[in-house]
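To keep things clear, I will list the structure first and then write my remarks on it.
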Amino acid sequence: MAEAEYKGDDNDPRIEEAKQFLRLANDADSNNRSEALEDLKFAAGDQWPVEIQNSRTLEARPCLTINKLDAYVRQITNQIRQQRPRIKVHGMNTQADEKTAQVIQGICRHIEVQSDADDAYDNASDFAVRMGWGYWRVTTDYVREDSFDQEIYIKRIENPFTVYFDPNSISPDGSDAEKVLITEVIPKSVFRKTYPGKDDGQGFTLRGTGDSNAEWVMKEDIRIAEYFYVKRVPKTLCLLSDGTQVFEDELPSEDSLTSAGIEILEKRKSFKKEIHWCKLTAMEVLEEGVWAGKYIPIVPVYGQQLVVENKRKKYGLAGARRRYQYSKR
C-alpha cells in the first residue's frame, strides 16, 4: 500500500485504541492461540511432552518421532493445490453484463499472476489445515521507484500469529471485520534506520504486569503495528428522477440538474463506509492512509470452527492427531 507520512499530533487517540484492541483480541483468542501453537509444533515434529521427554532422557531412553501427521496434511493441501481458489466475476445485471465481467475477470487474473497469488493461497491453506487458520492480504505498491503508478498485489502473511483479527467477526471471509491489527517486533537499531527521527522508546523504563506499554517497547526491540479500522461517515442519500442514487455532497450543481431535467425524488439518512489505515508504535503514528476498498484487506482462511458456550473454537488436523498420539503413550 502506498502510504503518506503522518504529520499530526503524537497524542493520537488511535494509539490507545490499538493498544486496547490488541489486548481485547488477544484475550478473546488466547485459548485458540495457545492450542494452535502446540498443534503447529506437533505438526513440525515436536511431538513429545516435555515431562515425558525429560524422564526418558534421564533413563537414557530414546524419543523417536515418526511424523505420520505430515502425510495427512499433504493429502489435504495437495488437493487444494490441484483445485486452487480463483477470483471469478459474473455478470449480474445491466450494469455488470457478461462482457464487462470478462474484462474485470482478466484484471483479476492479471493481479493473481503478477502477485504469485498461488503462494499466498497455499500458505494460508496450509496453516488452516495444520492449526485452524491462516491469512493472506491485498495491498498496493508503486510499479517502479520512478513512477506514481500503482498495482494491486495479493501477498502472503508469513506468520498468522502476528494478525489480531476482530473477535466479533463471524463471516467466513472476514468481510464483517471492523478492526484488524498486524504487529511486528523489530530491533530498535532497524527501527531507527527505517524511521529516522521517530521515537524508539529509548528512554522508556520497562515496568511490571498491567503496563500496556510493556508489550510494545522492550529493552532492545520495539513493536510496530498496522492498524486497520472502519469509519462510518454520516451521509444523505438522494434518489434522482433518472434512477440514479448518489450522496447529497456528490450531486452536480443545481443548474446542471435543472438543465438535464433531473430532480431529486427522495432523500434518506445513510452512511459511507471508509477503511482507514495507520502504522504506529506505542508512542506515535508513523504513517497513515485510506484504503480504496470497502473491506479491510486481510482475508482469513479457516479450518474447522465450533461455537461452544458462546466461544469460537478453531482447530485444524493436528489437534485431533496430537490428542490421539498422547493417549497412546
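How far apart, in nm, are two points set 7 Å out from the Cα along the Cα-to-Cβ line at Ile264 and at Gln83? That separation, rounded to one decimal, is 5.2 nm.
In a reduced charge model with +1 at each Lys and Arg Cβ and -1 at each Asp and Glu Cβ, the chain shows a dipole moment near 2000 debye about its Cα centre.
Residues Val290, Val180, Val299, sorted by accessible area with the largest first, give Val290, Val299, Val180 [1.4 Å probe; ligands and nucleic acids excluded].
Translational diffusion coefficient, Stokes-Einstein: compute it for the chain using the Kirkwood radius over C-alpha pairs as Rh, at 20 °C and 1.002 mPa s, and state it as an integer in µm² s⁻¹. For these conditions, the coefficient is 91 µm²/s.
Round to a whole number: what % of the accessible area of the chain belongs to carbon and sulfur, probe 1.4 Å? Here it works out to 50 percent. Could you calculate, for the stretch 228-320, the ratio of the Cα radius of gyration to the Kirkwood radius, expressed as Rg to Rh? Looking at the stretch 228-320, the ratio lands at 1.23. Only Cα pairs under 8 Å and 6+ residues apart enter the sum, and on that basis the relative contact order of the stretch 34-130 stands at 28 percent. For the stretch 99-193, trypsin sites (Lys or Arg not before Pro) are listed when DSSP marks them as loop and at most 10 other Cβ atoms sit within 10 Å of their Cβ; the list is Arg144.
Could you tell me which GluC sites (Glu not before Pro) in the stretch 122-172 are loop residues by DSSP with no more than 14 other beta carbons within 10 angstrom of their beta carbon? If you can, show how the numbers build up before the last one.
Working: sites: Glu145, Glu151, Glu158; in loops: Glu145, Glu158.
Hits after loop and neighbour filter: Glu145, Glu158.
In straight-distance terms, cross-link reach from Lys188 covers every one of the lysines whose alpha-carbon lies under 17 Å from its own, apart from those fewer than eight places away in the same chain; here that gives Lys198, Lys219, Lys279. Angle of helix 13-28 to the longest C-alpha principal axis of the chain, folded into 0 to 90 degrees and rounded to 10: 50°. If I histogram all Cα-Cα distances within the stretch 126-201 using bins 10 Å wide from 0, what percent of pairs lands in each bin? Bins of 10 Å from zero give 14, 31, 35, 19, 1 percent of pairs.
Per DSSP H run of n ≥ 4, the term is -39500 (n - 2.57); total these for the chain, divide by its residue number, and report the mean residue ellipticity at 222 nm rounded to 500 deg cm²/dmol.
Mean residue ellipticity at 222 nm (helix-derived): -10500 deg cm²/dmol.
The long axis of helix 98-115 is offset from the longest Cα principal axis of the chain by roughly 40 degrees. Which pairs break 19 Å Cα to Cα here: Lys41/Lys314; Lys179/Lys294; Lys273/Lys314? From the list (Lys41/Lys314; Lys179/Lys294; Lys273/Lys314), the Cα-Cα distance tops 19 Å for Lys273/Lys314.
Using the 1.4 Å probe convention, the accessible area of the chain works out to 60 Å² per residue with neighbouring protein chains retained.
Subtracting the Cα-Cα distance of Ile107 and Val290 from their residue separation scaled by 0.36 nm leaves 63.6 nm. With each label modelled as a point 7 angstrom along the Cα→C-beta vector, the Met218-Gln305 pair spans 3.1 nm.
Exposure check, 1.4 Å probe, all protein chains in place: Met218 carries approximately 60 Å² of accessible surface. Sites listed here are GluC sites (Glu not before Pro) in the stretch 38-122 whose DSSP assignment is loop and whose Cβ has at most 15 other Cβ atoms within 10 Å: Glu59. Cβ-Cβ distance of Glu184 and Lys99, R₀ of 41 Å, FRET efficiency by 1/(1 + (r/R0)^6): the value works out to about 0.40. Summary value for the chain: 23 percent relative contact order, contacts being C-alpha pairs under 8 angstrom separated by 6+ residues.
The values are calculated or read from the model by the stated rules, or taken from the named source; none is laboratory data. Keep in mind it's a predicted model, so treat the numbers as computed, not measured. So basically every Cβ, Gly included, is an ideal-geometry build from the backbone, and we count neighbours across all protein chains shown. We work out accessible area using only protein heavy atoms, side chains counted, and drop any ligands, DNA or RNA first. Shrake-Rupley method; radii C 1.70, N 1.55, O 1.52, S 1.80 Å.
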